[in-house]
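Have a look at the structure below before the remarks.
The values are calculated or read from the model by the stated rules, or taken from the named source; none is laboratory data. Only a predicted model underlies this, so the values are computations on that prediction, with no experimental measurement involved. No Cβ is skipped: glycine too gets one built from the backbone with ideal geometry, and neighbour counts run over all protein chains shown. Accessible surface areas use protein heavy atoms only, side chains included; no ligands, DNA or RNA. Shrake-Rupley method; radii C 1.70, N 1.55, O 1.52, S 1.80 Å.
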Amino acid sequence: MSLQNPANQDSTATTPSAPSTLDSGMITTQASFGKSFCPRFWHSRFWRYTFVRLLYLLPVLLVASFGVFMLLRLGGGDPVAQYLSLSNLPSTPENLALTRAKFGLDEPLLLQYISWLGRAIWLDFGSSFMSGREVAGEFFSLLPTTLELVGAGLVLVIICSVILGTLGALYQGRIPDMLISLFCFIGVCMPGFWLAFLLVWGFSITLGWLPAVWNGSLASFVLPSIAIALMSACVSARVLRANMIEAASARHVIYAKARLLPKSLITFRHVFANALLPLLAMIGMHVGELLGGALVVESIFAMPGIGLYCIQAINNHDYPVIQCFILVLCVVFTLSNLLVDLICAYLDPRIQP
């Protein structure tokens with residue numbers, strides 16, 4: 001009778017047999033199929049992160065809409081009195097009461113908000129207090145021009161910030177870097193409306209190169225785009241410069257220099273690529289800045305956008321128009337930030353929780 005080692009018995013019993021050639025080929029084929037057709041975008045971790053971020057939008061928009069609705073009612077100014085004044089009607093108690101009932105301002109604030117929110121979900125923002133026309137129809141007919149202006153400004157922000165930030169980092173401490181820093185300092189300090197007046201005086205009145213008012217051509221986009229984009233471009237350029245300088249002192253960059261790799265390869269593949277994520281994150285913030293700057297700039301260049309329309313509504317305390325503008329602004333701002341965050345999470349999975 002021979003005794004066997006228990007360890008050998010366990011190993012013999014538990015060790016699986018080697019897969020056959022056909023099985024190994026199938027496994028290899030399945031693995032290659034997964035690698036080629038299941039990129040990082042389709043991983044469940046990324047989708048979980050996307051789903052959670054989408055859920056965050058609902059409370060953000062609800063809080064923003066509720067805050068705007070209440071602040072307009074509690075911030076002073078009576079749209080009823082303004083309406084009667086513009087209509088050349090006496091502000092008697094009877095007229096005030098009838099007008100409040102007509103506009104639905106005689107109900108409690110909470111009921112007014114619930115009623116407005118229920119209609120706003122279906123893009124029904126009510127009628128303007130002053131003109132009596134539907135707000136959604138007028139607003140969304142003017143919105144494309146504003147979005148085109150914001151899109152042109154965003155392109156300028158990206159191009160100018162990349163060029164100025166990269167040059168400032170490459171020539172750190174030298175004359176080009178000092179000139180770029182001075183230009184960015186002036187650009188950050190200069191208000192958009194004042195820059196718009198300077199651009200009109202310089203390029204339209206003095207030189208006559210570009211139109212001073214809107215005429216529907218591509219040339220009429222140039223000056224308004226520069227006016228709303230300069231401040232954001234200067235801020236992004238300074239951020240990109242600082243990130244590239246920090247990335248240039250990383251270990252992998254020092255190792256790449258020790259391997260005598262080409263300078264252009266080190267700059268754009270190892271330094272610029274690692275400094276790009278913060279710039280992408282700022283693009284979502286710049287969308288809100290450009291939309292806010294477009295309000296004043298559009299009125300200066302007489303552009304048929306939502307700028308002049310909303311400024312008149314603010315002066316007249318036209319609640320439906322103001323609420324529509326701020327709600328659309330919040331939606332565009334949150335969606336742009338969400339898109340930028342998802343792009344950053346896709347490029348750098350470490351951002352995902």
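Quick rundown of the values:
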item: Tally, over region 173-189, of residues that are exposed (fewer than 15 other Cβ atoms within 10 Å of the Cβ) and in contact with a helix residue (DSSP H, G or I) (Cβ under 7 Å, 6 or more places away or on another chain); result: 1
item: Qualifying residue in region 82-91 (condition: open to solvent by less than 40 Å² (accessible area, probe 1.4 Å), in contact (Cβ under 8 Å) with a residue 60 or more places away in the chain and touching a Leu at 6+ places or on another chain (Cβ under 9 Å)); result: no
item: Unique residue being farther than 18 Å from PHE325 by Cβ, of a type in the set (Gly, Ala, Ser) and outside any helix (DSSP H, G or I) when the list is SER91, SER85; result: SER91
item: Test: SER225 is of a type in the set (Gly, Ala, Ser) and modelled with pLDDT under 90; result: no
item: Number of the condition not met by LYS263 [criteria: (1) among the charged types (D, E, K, R); (2) touching a residue at least 24 places away in the same chain (Cβ under 8 Å); (3) more than 26 Å from LEU57 (Cβ to Cβ); (4) open to solvent by 50 Å² or more (accessible area, probe 1.4 Å)]; result: (2)
item: Residue match in region 118-130 (condition: assigned to a helix (DSSP H, G or I) and more than 27 Å from GLU298 (Cα to Cα)); result: yes
item: Residue among ILE322, ILE306, ILE326 that is at pLDDT 85 or above, touching a Phe, Trp or Tyr at 6+ places or on another chain (Cβ under 8 Å) and either closer than 24 Å to GLY132 by Cα or open to solvent by less than 10 Å² (accessible area, probe 1.4 Å) (or both); result: ILE306
item: Residues of region 227-260 classified as in contact with a Gly (Cβ under 8 Å, 6 or more places away or on another chain), of a type in the set (A, V, I, L, M) and closer than 30 Å to PHE197 by Cα, total; result: 9
item: Neighbours by Cβ (under 7 Å, 6+ apart or cross-chain): first from region 103-125, within 15 Å of PRO79 (Cα to Cα); second open to solvent by 60 Å² or more (accessible area, probe 1.4 Å); result: ASP106/ARG100
item: Scope region 239-258; condition buried (at least 20 other Cβ atoms within 10 Å of the Cβ) and either under 21 Å from the mean Cα position of the chain (by Cα) or closer than 25 Å to GLY284 by Cβ (or both); matching residues; result: LEU240, ARG241, ASN243, MET244
item: Index of the failed condition, HIS317 passing every other in (1) in a helix (DSSP H, G or I); (2) crowded, with 20+ Cβ neighbours inside 10 Å; (3) of a type outside the set (A, V, I, L, M); result: (1)
item: Among residues of region 194-230, those that are touching a residue at least 40 places away in the same chain (Cβ under 8 Å) and surrounded by 16 or more Cβ atoms within 10 Å (Cβ to Cβ), counted; result: 14
